[in-house]
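> For reference, the structure I am asking about is given below.
The values are calculated or read from the model by the stated rules, or taken from the named source; none is laboratory data. Note that the coordinates shown come from a computational prediction; the quantities given were computed from them, not determined experimentally. Heads up, the Cβs are rebuilt from the backbone with ideal geometry, glycines too, and the neighbour counts pull from every protein chain shown.
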Ligand SMILES: NC(=O)c1ccc[n+]([C@@H]2O[C@H](COP(=O)([O-])OP(=O)(O)OC[C@H]3O[C@@H](n4cnc5c(N)ncnc54)[C@H](O)[C@@H]3O)[C@@H](O)[C@H]2O)c1
């Protein structure tokens, strides 16, 4: 495709704002319109990045024949219907995670994508973070030998409001879904056994709605490799994202602490600042994932990670919930009878 890809952005909130800046700065993209049901958000973001058109009606953006692709960054409960509408309009889709909070709705949306043959990418941005991408390349090159264990941690700096926890679909579908994708991608395999334990330690009242804010998930992969994911809704110091990959020939430690690469050493101790949250930690990855989406669509290649990855991570969230409820390890294969084969 020689021409610029004409893109519409749907959702101009926390994550959408950053996507707008990335898209507007890409020479190969023409960011045509910004849609958000909140007029002020749509107007402000369109104005900031110099886009002439904004609307409160996302269907207007999707139906616009002058748009080749949409980037969906609206609230999770709107994703599936927007994906279906975009697919029916023959429009390529980049969608923030997750597609939906349940597998049934996810399958309907991904089936529409498959039927229309449009490109689809899910927003698992970690895969585009320089450290994770390098780790994946080193593993593929055999630098680690056979992977034996992966430890993958993610903690938010502070818990979200109670209303968020109630509407988020739960820790596993909202948060751990990133770790599920990350571990299965690094391992290059699907787990055959999963055991999850969780607690409500940060906000014990979450137990009243059966929700948790602290969790450990262990997984066994074919051949015996093991992975541990630990999540929490409170670190107390900033965003905590660390991954350790151990193989037969060595290890990779992915970690990130300082927002500014400056260490202050004094008589009273050693000080540094700390990356606050996901927008700072993954700023580069959010931009890279959109560049990859645009490049794939322009080259008529299937974007990656696609529909199968979107679904696979959600099935592991289902498995974790079932394991926690049943108090025993489960086979995630129970949820993988996919209606959607692959992206
Ligand atoms: N990949 C990541 O690391 C990451 C991080 C944060 C959020 N997310 C995902 O991004 C999505 C948005 O999250 P956020 O934190 O930016 O939320 P947000 O609440 O800040 O923004 C959501 C925006 O969507 C708008 N909106 C709601 N319904 C709409 C509709 N029907 N059409 C158009 N706009 C609509 C809202 O007005 C709001 O401006 C969620 O699905 C979330 O899971 C992903």
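> Would you check if residue 214 is touching a strand residue (DSSP E or B) at 6+ places or on another chain (Cβ under 6 Å) and either assigned by TED's automatic domain parsing to the domain that holds residue 95 or within 19 Å of residue 181 (Cβ to Cβ) (or both)?
No; evaluated as a whole, the condition is false for this residue.
> With the checklist (1) under 16 Å from residue 147 (Cα atoms); (2) surrounded by 15 or more Cβ atoms within 10 Å (Cβ to Cβ) in hand, flag the one item residue 196 doesn't pass.
All conditions pass for residue 196, except number (1).
> Still on this structure, I have one more. Anything in the stretch 59-81 that is in contact with a helix residue (DSSP H, G or I) (Cβ under 6 Å, 6 or more places away or on another chain), under 18 Å from residue 19 (Cα atoms) and within 12 Å of the ligand (Cβ to nearest atom)? List them, or say none.
Matches in the stretch 59-81: 62, 70, 71, 72, 73.
> Before we move on, is residue 137 in the same structural domain as residue 233 (by TED's automatic domain parsing) and touching a residue at least 24 places away in the same chain (Cβ under 8 Å)?
Here the answer is no, as residue 137 does not meet what is asked.
> Of the numbered conditions (1) part of a helix (DSSP H, G or I); (2) within 8 Å of the ligand (Cβ to nearest atom), residue 97 satisfies every one except a single condition; which is it?
That leaves (1) as the condition not met.
> Can you pull out the residues in the stretch 2-59 that are over 17 Å from residue 74 (Cα atoms) and part of a helix (DSSP H, G or I)?
24, 25, 47, 48, 49
> Would you please name the residue that is surrounded by the most Cβ atoms within 10 Å (Cβ to Cβ), looking only at residues in the stretch 21-37 that are more than 8 Å from the ligand (Cβ to nearest atom) and closer than 18 Å to residue 91 by Cα?
So the residue we want is 34.
> Just to be sure I understand, how many residues within the stretch 261-299 are over 19 Å from the mean Cα position of the chain (by Cα) and outside the structural domain of residue 113 (by TED's automatic domain parsing)?
Number of matching residues: 14.
> How many residues does the stretch 129-152 hold that are surrounded by 12 or more Cβ atoms within 10 Å (Cβ to Cβ) and in contact with a helix residue (DSSP H, G or I) (Cβ under 8 Å, 6 or more places away or on another chain)?
10
> Here is a further query. Residues of the stretch 190-211 being free of Cβ contacts under 8 Å to residues at least 60 places away in the same chain and in contact with a strand residue (DSSP E or B) (Cβ under 8 Å, 6 or more places away or on another chain), which ones?
199, 200, 201, 202 - these are the residues of the stretch 190-211 that are free of Cβ contacts under 8 Å to residues at least 60 places away in the same chain and in contact with a strand residue (DSSP E or B) (Cβ under 8 Å, 6 or more places away or on another chain).
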